[in-house]
Amino acid sequence: MKKKPDILKALGGTALDYLKVNGKTLQERFNPFSEYGYLRNKHGLNFSANRVLTSYVSTHVDAEIAGHGKESYLNFSSQDYLGLAQNKEVMDAAREAISAYGVHTASSPILTGRNKLTEKLESTLAEKLGTEQCLLYPTGWGACFGAIAALVTKNDQVIIDSLSHNSLQTAVKYSVQCPQKFRHNDVDHLESLLKKCRLKNREGGIFVILESLYSMNSDMPDLPEILELTHIYEAILIIDIAHDFGAMGDRGLGILETVKDRKLENVILCGSFSKSFASNGGFVAGPDITRLQLVVFSPSYTFSNGISPVQCAVAQKCAEIIFSEDGDVRRKKLKENIDHAIREFTAEGFITTGRPSPIVPVLIGPEDLARLMSKEMTSKGILANMAEFPAVPKGKAIFRYQMMSTHRKEQITEAAKILAITRKDSGGLLKRLKA
Ligand SMILES: Cc1ncc(COP(=O)(O)O)c(C=O)c1O
């Protein structure tokens, strides 16, 4: 009998098949998943942590990629929306911070892990966001997790958008016993859950948790309506503004610009520097009254080393650029690139989902086709992240083109053309492999 090529095994299955582990030893427990990962990487089929950059992050990167030779790539896989990762002013700010503060905070912020850079960035962000205060965390994940871990207690009720980021979902899972999920961006469903929760507990805390821009769908919630609902049902709103803050809106305030008279007394904003602020780190911003609770009861703040001087200085310089005329120009350029990308992918016969944002999701569909295309695109010199189940529904794999203000229109057009050729070639190859 003819042996099936092992690439077929790598084209099937998902990481979730390996979630349940059995056995007493590490070898027994993790060998099946490890073998599956090995097979996918061997065939260059886009699996975890298989790209090693050998250059700056920019619209072009050099990289070593498992299953491929070392090459130069046109890059749509980095979240440097405003192209600040190798900006000269930003890099100079990092150097100055090293001269003044060294490279390490060497302590939790509740001990000696804060410095003048920390203070300055906190007040810059609070001022821009229109909140009374802001607290910095060493990662955005830690900020989002830490906000919920500190502010939500076991007696509270939580209603969370079903597609919320892992940092929010994980915190909710560990904070309350029976969290409620509302259908993604479905305000009516949210209202019906709010009504039930309030009837059940007239005096207790209710938290509504969501994101401002969802990175798999590129869609946004109706914030004015949700604020109205949380006001009616006396609920507290936590919004993760990681993706749009800095990159969207006329003033760089993203979704917050959709709210006219911003009353944020029962709102907590959390986010990350890893998208538009060219740095690691994150923040939780809100009323003064929440600050001590966060400082003392956020495990990812209290028990973690303070954000480093370099990260802080980089985010500070980026904030200064983002909220200046230069920032306006970059956002305008970014928006033009996004619109151009949507036009070009559509012209090549693809469906792009959601609304225009720095993440342009291009629908492919079957996972096996998307995996082959990912391999093929990489060998054609394009990097774009493929997302498959469970990050998106089964059979609805996508490529997420992450746009930068520094991309040139021709690069975007080239990427769309190469995707179209790749779909044709990979479709043919898939048929032959399965025959
Ligand atoms: C919506 C959202 N929240 C939080 C995070 C975590 O941010 P960071 O990369 O700074 O840890 C991310 C990053 O992937 C994100 O997409």
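The values are calculated or read from the model by the stated rules, or taken from the named source; none is laboratory data. This one's a predicted model, so the numbers in the text were calculated from it and none came from an experiment. Heads up, the Cβs are rebuilt from the backbone with ideal geometry, glycines too, and the neighbour counts pull from every protein chain shown.
Here are a few things to note about the model shown:
- Residue check for residue 58: within 24 Å of residue 407 (Cα to Cα) and within 16 Å of the ligand (Cβ to nearest atom): no
- Filter result (part of a strand (DSSP E or B) and among the β-branched types (Val, Ile, Thr)) within the stretch 151-168: 158, 159, 160
- Taking every residue in the stretch 383-400 that is at pLDDT 95 or above and pairing it with any residue that is part of a loop (DSSP other than H, G, I, E, B) and of a type in the set (D, E, K, R), at least 6 positions away or on another chain, the pairs with Cβ-Cβ distances below 6 Å are 397/388.
- Breaking point among (1) assigned to a loop (DSSP other than H, G, I, E, B); (2) under 27 Å from residue 279 (Cα atoms), for residue 317: (1)
- Subset tally (residues that are more than 16 Å from the ligand (Cβ to nearest atom) and in contact with a helix residue (DSSP H, G or I) (Cβ under 7 Å, 6 or more places away or on another chain)) for the stretch 151-173: 5
- Test: residue in the stretch 76-90 that is surrounded by fewer than 13 Cβ atoms within 10 Å (Cβ to Cβ), polar (S, T, N, Q) and away from the ligand (no atom under 16 Å from the Cβ): no
- Flag for residue 363 being in contact (Cβ under 8 Å) with a residue 24 or more places away in the chain and touching a Lys or Arg at 6+ places or on another chain (Cβ under 9 Å): yes
- Checked against the criterion of being assigned to a strand (DSSP E or B), acidic (Asp, Glu) and either modelled with pLDDT under 95 or in contact with a helix residue (DSSP H, G or I) (Cβ under 9 Å, 6 or more places away or on another chain) (or both), the stretch 185-192 has no qualifying residue.
- Qualifying strands (runs of 3 or more DSSP E) (wholly inside the stretch 1-115; at least 2 residues being among the charged types (D, E, K, R)): 60-65
- The set of residues in the stretch 247-264 being away from the ligand (no atom under 16 Å from the Cβ) and either on the phi < 0 side of the Ramachandran plot or not in a loop (DSSP other than H, G, I, E, B) (or both) consists of 250, 251, 253, 257, 258, 259, 260, 261, 262, 263, 264.
- Checking 417, 424 one by one, the residue that is more than 22 Å from the chain's Cα centre (by Cα) and without any contact (Cβ under 8 Å) to a residue 12 or more places away in the chain is 424 and no other.
- Only one entry in 324, 218, 276, 300 is surrounded by 24 or more Cβ atoms within 10 Å (Cβ to Cβ) and either more than 23 Å from residue 357 (Cα to Cα) or of a type in the set (Ser, Thr, Tyr) (or both), namely 276.
- Members of the stretch 265-279 found to be polar (S, T, N, Q), in a strand (DSSP E or B) and more than 10 Å from the ligand (Cβ to nearest atom), listed by number: none
- Residue that is nearest to the ligand (Cβ to nearest atom), among those in the stretch 234-246 that are in a loop (DSSP other than H, G, I, E, B) and among the aliphatic types (A, V, I, L, M): 242
- Residue match in the stretch 368-380 (condition: part of a loop (DSSP other than H, G, I, E, B) and either closer than 27 Å to residue 16 by Cα or in contact (Cβ under 8 Å) with a residue 60 or more places away in the chain (or both)): no
- Of the set (1) more than 28 Å from residue 140 (Cα to Cα); (2) in a helix (DSSP H, G or I), all apply to residue 174 but (1).
- Among the residues of the stretch 280-288, some residue qualifies, meaning at least one is more than 12 Å from the ligand (Cβ to nearest atom) and either of a type in the set (Phe, Trp, Tyr) or crowded, with 17+ Cβ neighbours inside 10 Å (or both).
- Taken together, 107, 123, 99 contain a single residue that is in contact with a strand residue (DSSP E or B) (Cβ under 8 Å, 6 or more places away or on another chain), surrounded by fewer than 18 Cβ atoms within 10 Å (Cβ to Cβ) and among the polar types (S, T, N, Q), which is 123.
- Test: residue 131 is of a type outside the set (Phe, Trp, Tyr) and over 23 Å from residue 252 (Cα atoms): no
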